[in-house]
Amino acid sequence: MKSIVVVISGRGSNMEALVRADLPARIAAVVSNRPEAAGLRFAAERGIPTQVVDHERYPSRDAFDAALAQALERHDPDLVALAGFMRVLGGDLVGRYEGRMLNIHPSLLPSFQGLHTHARALEQGVKVHGCTVHFVTPALDHGPIVIQAAVPVLPGDDEAALAARVLRQEHVIYPRAVRWFLEGRLVIEHGAVRLAGSDERQFVWSHE
Ligand code: GRF
């Protein structure tokens with residue numbers, strides 16, 4: 001059976017969605033860069049091994065990356081799933097997991113890379129917003145896109161309302177993307193991801 005290590009920084013609701021999705025894989029561990037991450041408790045309650053690699057305890061990004069790499073390697077995972085992980089990883093670590101590391105980002109990439117995506121979407125007055133699961137590459141929020149979900153931006157939305165609407169779809173598309181990965185159906189061609197083996201769609205329109 002394939003194995004996954006999920007890497008979090010906080011609440012961990014995307015990690016929870018992956019755990020609850022009953023994927024054909026073992027969640028070998030949940031690793032957090034923050035000792036106080038709420039998601040650690042959920043994982044521990046489920047009997048999933050947890051580990052903290054506290055970025056504040058390392059003098060440089062390289063040193064943190066090396067420690068994180070060690071934590072990941074212990075489990076020799078088929079897939080590393082970044083789920084609300086809020087640190088930028090260096091090229092060495094990302095390179096080691098090329099094609100085996102996924103991330104969920106709360107915008108329709110390539111729009112709104114980086115932080116505060118919902119506030120920026122509101123500021124720009126976009127009418128459609130959403131979330132993206134992508135392979136991780138050294139350039140932040142740039143890797144090949146696996147699946148996206150679009151949600152409407154409604155009159156009267158504030159950041160919290162929009163974030164909640166997007167998050168519901170994150171919990172739909174991340175397990176779907178990981179399942180496709182585990183089934184070996186994600187084919188990266190010329191920087192884009194093709195889904196092999198069926199005509200399932202790599203997008204979700206949510207009207208709620
Ligand atoms: C999610 O919106 C994720 O896309 C973003 O941070 C949030 C983390 O939520 N990067 P959670 O920790 O998965 O609940």
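The values are calculated or read from the model by the stated rules, or taken from the named source; none is laboratory data. The model shown is predicted, which means the values in this text are computed figures rather than measured ones. Ideal geometry is used to build each Cβ from the backbone, glycine not excepted, and the neighbour counts take in all protein chains shown. The area values use the complete protein model at the heavy-atom level, side chains included, leaving out ligands, DNA and RNA. Shrake-Rupley method; radii C 1.70, N 1.55, O 1.52, S 1.80 Å.
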The listed residue being of a type outside the set (Phe, Trp, Tyr), more than 12 Å from the ligand (Cβ to nearest atom) and under 18 Å from the mean Cα position of the chain (by Cα), out of 26, 61: 26
Top-ranked residue of the range 100-150 - restricted to ones that are more than 14 Å from the chain's Cα centre (by Cα) and among the small types (Gly, Ala, Ser), ranked as modelled with the lowest pLDDT: 139
Counted residues, the range 87-98 - those being loosely packed, with under 13 Cβ neighbours inside 10 Å and either of a type in the set (Ser, Thr, Tyr) or within 16 Å of the ligand (Cβ to nearest atom) (or both): 1
Criterion: more than 14 Å from the ligand (Cβ to nearest atom) and under 25 Å from residue 4 (Cα atoms) - qualifying residue of 144, 155: 144
Close pairs (7 angstrom Cβ cut-off, 6 or more residues apart or separate chains): touching a residue at least 24 places away in the same chain (Cβ under 8 Å) in the range 35-48, of a type in the set (D, E, K, R) and open to solvent by 70 Å² or more (accessible area, probe 1.4 Å) anywhere: 38/11; 39/11
Odd one out for residue 47, checked against (1) more than 16 Å from residue 171 (Cα to Cα); (2) within 15 Å of the ligand (Cβ to nearest atom): (2)
Residue in the range 20-58 that is farthest from residue 102 (Cα to Cα), counting only those that are of a type in the set (Val, Ile, Thr) and surrounded by 20 or more Cβ atoms within 10 Å (Cβ to Cβ): 53
Scan of the range 115-144 for residues that are of a type in the set (A, V, I, L, M, F, W, C) and crowded, with 18+ Cβ neighbours inside 10 Å, ordered by number: 121, 131, 133, 135, 136
Counted residues, the range 69-88 - those being more than 21 Å from residue 13 (Cα to Cα) and either touching a Phe, Trp or Tyr at 6+ places or on another chain (Cβ under 7 Å) or hydrophobic (A, V, I, L, M, F, W, C) (or both): 2
Test result for residue 153, closer than 23 Å to residue 31 by Cα and either of a type in the set (A, V, I, L, M) or surrounded by 16 or more Cβ atoms within 10 Å (Cβ to Cβ) (or both): no
Criterion (closer than 20 Å to residue 2 by Cβ and in contact with a Gly (Cβ under 9 Å, 6 or more places away or on another chain)) met by exactly one of 191, 197: 197
Some residue of the range 53-64 being in contact with a helix residue (DSSP H, G or I) (Cβ under 9 Å, 6 or more places away or on another chain), under 21 Å from residue 12 (Cα atoms) and not in a helix (DSSP H, G or I): yes
Tabulated pairs, the range 3-17, first closer than 16 Å to residue 49 by Cα and in a loop (DSSP other than H, G, I, E, B), second near the ligand (Cβ under 7 Å from one of its atoms) and open to solvent by less than 10 Å² (accessible area, probe 1.4 Å), C-beta under 6 angstrom, 6+ apart or interchain: 12/39
Pairs with Cβ under 6 Å, 6+ apart, first in the range 93-118 and under 19 Å from residue 147 (Cβ atoms), second near the ligand (Cβ under 9 Å from one of its atoms) and assigned to a loop (DSSP other than H, G, I, E, B): 117/106; 117/107
